[in-house]
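The values are calculated or read from the model by the stated rules, or taken from the named source; none is laboratory data. For clarity, every value in this text was computed on a predicted model and none was experimentally measured. Note that we place each Cβ from the backbone using ideal geometry, even for glycine, and neighbour counts take in every protein chain shown.
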Amino acid sequence: MNLFSRAAITAAMLAATLTVSAVNDGLEVLPLGATNTMVRITDPSKFLILPIEESMPDSKIDVLVNGNIAATFYARLANNSVDYTVPFDLTPYTSKGSVLLNIMTETDRASSREAGDFICWDEMKLADNFDTTNTEKYRPAYHHTPLYGWMNDPNGMFYKDGLWHLYFQYNPYGSKWQNMTWGHSTSPDLVHWTQQPNAIEPNGLGSVFSGSSVVDHNNTAGFGKDAVIAIYTSAGASQVQSLAHSSDNGETFTIYPGNPIITTTREARDPNMFWNEETGKWNLVLASALDHEDLIFSSDNLKEWTLESRFGQGYGAQDGVWECPDLIKLTVRDAKKNQPKEKWVLIVNINPGGPFGGSATQYFVGDFDGHKFTCDTPADVTRWLDFGKDHYATVSWSNAPEGRNAVIAWMSNWEYANEVPTKQFRSANSLPRDLDLFHGPDGGLYVGVTPAKETESLRGDKKSYESTTVGENEVTFKLPKENDGVCEIDLGYNLKGADKLEITLSNEKGEKVEMTYNTADRTFSMNRNESGLVNFSRHFPATTVAPMLTEKNDGTLRLFIDRCSIEAFDGEGRFAMTNLVFPTTPYTTMTVKAEGGKAKVTGLDIYSIK
């Protein structure tokens, strides 16, 4: 099932689900040399369809209107064969005058004649529409993805007037990282997403990297009551922080003429801001990426910021750059008398340096007085928000209803994100999750991670099984066949009496994912070494391990299986584990067995996805 409501994409965006009605004329190709070609638009249509070959280097494309550069972007134009096509929207330019593309291509071609033989010049077309019908085997059925192109960090998220707004790092001109733009999708329920026109695009200060958005209820910035304010990193020759504001609920943004509003002498990015009720000021956390620390600022008006303090040097994981910070206050679910009911949590994403290689999300629990964050744990303690390989750039929605701390992540890993076996699009988001705090067996506070309650609306038919004892002989359960086997599995267990409980998802080709509860070291693990397609990267095969963070022997495991992912959650939110998988055919069977004694499956519900 494709959960995008394509009909809601506005005329400023491409017309989804319609077939390309391309014409072969209207373009004049002018080969000028081994590295330079010009393309004149002589009969303008809405879109120029660009043929892409991913193994090619980026071509720099300057869009000239009446001889002046109006825009610049990069695309891997096809030389030998076409992997897929992407649209370039001509309407903002053809309405202003004559349009000429000046294209610089890295090549070792020796003459203009050879450069003119590139297949892209024959396959480049004009069209009134662009077809976004899914062509990908591994496009998720119920996770957010872009209709086409590359996506990485979620950013700028806010809730307003019944809509959840999700912005994301986006390349509209290919399925590898480039042209960083704020893509935009909206949802009434965190489950069904509609892609909107791009929100913020590169300008003279550089590409648009990650940032955050807030609803300025009190008009502190002077752009109007309830204006949406975005602050993001402009990444050009240096990284500086810029502001944009919106009076139409985040559909379009006006770039602030006083940019940049924050500058630093060191590389810094991904500003995340929030209103601090305790101090009556705005706070902002900025990742000083190479220094492995976060800079904490305060402001009265969102435009002028004062550096208050720094946190991070020597704390937690330090092997990679620090990115995408978030500072939020969470409720302690099991607080006893004389214990704090709330604590501050600083989320810090790191790449590389994750527990199983590549990128991951760590966090710190402590106190924050509006000026300085103080961590409760020793500097050498590292705590992970998710124990899979594919959960990065986790950030929260601002202005969320009911006091919720809802977050979402990028479901991939920088070790292989550009190489996963999709082409029409690359990358999805994790399921949205709610966060709180709980006490672990050691008395320390840990972040609890629970799938957002809205995910229950996805449930279709349910197959339930009663309690059964399992030993060394496997007990087999069939998984739904509809929607390529996507499903939710809720498995109750009691480990008492067994050394291990093993849960395996498999298909008829012998591809499998093995999950194990180990009672000796109180861990849960997931092995995807034989899960399907794994050889596109040497970093992909992996076994990931999470601490159970409970002394109880009974509990519930929740599994969310989509076409290219498995998300595992402890039923009480004591751990989460997110891993990509690419089975050549869907998993059709789940087997359960125990080692070193007998265990119990105390109940099992398997839900198909609507």
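Results for (1) outside the structural domain of Val208 (by TED's automatic domain parsing); (2) at positive phi; (3) touching a Ser or Thr at 6+ places or on another chain (Cβ under 9 Å); (4) at pLDDT 95 or above, shown as yes or no for each residue.
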residue	(1), (2), (3), (4)
Leu50	yes, no, yes, yes
Ser59	yes, no, yes, yes
Ala70	yes, no, no, yes
Val82	yes, no, no, yes
Phe88	yes, no, no, yes
Asp108	yes, no, no, no
Arg113	yes, no, no, no
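Any residue that is in contact with a helix residue (DSSP H, G or I) (Cβ under 9 Å, 6 or more places away or on another chain), basic (Lys, Arg), within 24 Å of Asn203 (Cβ to Cβ) and not in a strand (DSSP E or B) - is there at least one of those in segment 68-76?
Among the residues of segment 68-76, not one is in contact with a helix residue (DSSP H, G or I) (Cβ under 9 Å, 6 or more places away or on another chain), basic (Lys, Arg), within 24 Å of Asn203 (Cβ to Cβ) and not in a strand (DSSP E or B), which makes the answer no.
Would a scan of segment 414-425 turn up a residue that is outside any loop (DSSP other than H, G, I, E, B), surrounded by fewer than 22 Cβ atoms within 10 Å (Cβ to Cβ) and either in contact with a Phe, Trp or Tyr (Cβ under 9 Å, 6 or more places away or on another chain) or of a type outside the set (Gly, Ala, Ser) (or both)?
No, there is no match, as no residue in segment 414-425 is outside any loop (DSSP other than H, G, I, E, B), surrounded by fewer than 22 Cβ atoms within 10 Å (Cβ to Cβ) and either in contact with a Phe, Trp or Tyr (Cβ under 9 Å, 6 or more places away or on another chain) or of a type outside the set (Gly, Ala, Ser) (or both).
Against the condition modelled with pLDDT under 95, farther than 20 Å from Thr422 by Cα, assigned to a loop (DSSP other than H, G, I, E, B) and not assigned by TED's automatic domain parsing to the domain that holds Thr194, how does Asp117 come out, does it pass?
So Asp117 fits the description; yes.
Of Gly573, Gly596, which residue is in contact (Cβ under 8 Å) with a residue 12 or more places away in the chain, within 23 Å of the chain's Cα centre (by Cα), outside the structural domain of Gly443 (by TED's automatic domain parsing) and at positive phi?
Of Gly573, Gly596, the one residue that is in contact (Cβ under 8 Å) with a residue 12 or more places away in the chain, within 23 Å of the chain's Cα centre (by Cα), outside the structural domain of Gly443 (by TED's automatic domain parsing) and at positive phi is Gly573.
Quick one: is Leu491 over 26 Å from the mean Cα position of the chain (by Cα), assigned to a strand (DSSP E or B) and under 21 Å from Leu431 (Cα atoms)?
yes
Mind listing whichever residues of segment 479-534 are among the aliphatic types (A, V, I, L, M), surrounded by fewer than 21 Cβ atoms within 10 Å (Cβ to Cβ) and either in contact with an Asp or Glu (Cβ under 6 Å, 6 or more places away or on another chain) or closer than 21 Å to Pro441 by Cα (or both)?
Listed by number, the list holds a single entry, Ala520.
Condition first: hydroxyl-bearing (Ser, Thr, Tyr), out of contact with any Cys (no Cβ under 9 Å at 6 or more places or on another chain), within 29 Å of Val449 (Cα to Cα) and in contact (Cβ under 8 Å) with a residue 40 or more places away in the chain. Can you find one or more residues in segment 287-294 that meet it?
No; the residues of segment 287-294 include none that is hydroxyl-bearing (Ser, Thr, Tyr), out of contact with any Cys (no Cβ under 9 Å at 6 or more places or on another chain), within 29 Å of Val449 (Cα to Cα) and in contact (Cβ under 8 Å) with a residue 40 or more places away in the chain.
Which residues, taken from segment 72-99, are over 32 Å from the mean Cα position of the chain (by Cα) and crowded, with 18+ Cβ neighbours inside 10 Å?
Within segment 72-99, Val99 is the sole residue that qualifies.
So which strands (runs of 3 or more DSSP E) stay within segment 266-355 end to end and still have 2 or more residues that are hydrophobic (A, V, I, L, M, F, W, C), buried (at least 20 other Cβ atoms within 10 Å of the Cβ) and in the same structural domain as Val228 (by TED's automatic domain parsing)?
Ranges flagged: 268-276, 281-288, 293-299, 321-331, 342-351.
Within segment 441-448, is there a residue that is of a type in the set (Val, Ile, Thr), assigned by TED's automatic domain parsing to the domain that holds Gln195, out of contact with any helix residue (DSSP H, G or I) (no Cβ under 8 Å at 6 or more places or on another chain) and at negative phi?
Yes: one or more hits.
Against the conditions (1) modelled with pLDDT of 95 or more; (2) surrounded by fewer than 19 Cβ atoms within 10 Å (Cβ to Cβ), where does Phe130 fall short? Just the number, please.
The one condition Phe130 does not meet is (2).
Here's the yes/no breakdown for (1) crowded, with 18+ Cβ neighbours inside 10 Å; (2) in contact with a helix residue (DSSP H, G or I) (Cβ under 7 Å, 6 or more places away or on another chain):
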site: Gly555; (1), (2): yes, no
site: Ala568; (1), (2): yes, no
site: Gly571; (1), (2): no, no
site: Thr578; (1), (2): yes, no
site: Tyr587; (1), (2): yes, yes
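Would a scan of segment 417-424 turn up a residue that is aliphatic (A, V, I, L, M) and over 30 Å from Val365 (Cα atoms)?
Yes, there is a match, as at least one residue in segment 417-424 is aliphatic (A, V, I, L, M) and over 30 Å from Val365 (Cα atoms).
Determine which member of the set Ser537, Ser457 is outside any loop (DSSP other than H, G, I, E, B), surrounded by fewer than 18 Cβ atoms within 10 Å (Cβ to Cβ), at pLDDT 95 or above and on the phi < 0 side of the Ramachandran plot.
Only one candidate qualifies: Ser457.
Where the second residue is surrounded by fewer than 23 Cβ atoms within 10 Å (Cβ to Cβ) and the first is basic (Lys, Arg) and lies in segment 166-180, which pairs have Cβ atoms under 8 Å and are six or more apart or on separate chains?
Once the first residue is basic (Lys, Arg) and sits in segment 166-180, its partners that are surrounded by fewer than 23 Cβ atoms within 10 Å (Cβ to Cβ) give Lys176/Glu54; Lys176/Asn418.
Among the listed residues Phe274, Phe253, which satisfies the condition of being out of contact with any helix residue (DSSP H, G or I) (no Cβ under 9 Å at 6 or more places or on another chain), of a type in the set (Phe, Trp, Tyr) and closer than 16 Å to Leu346 by Cα?
After applying the criteria, what remains is Phe274.
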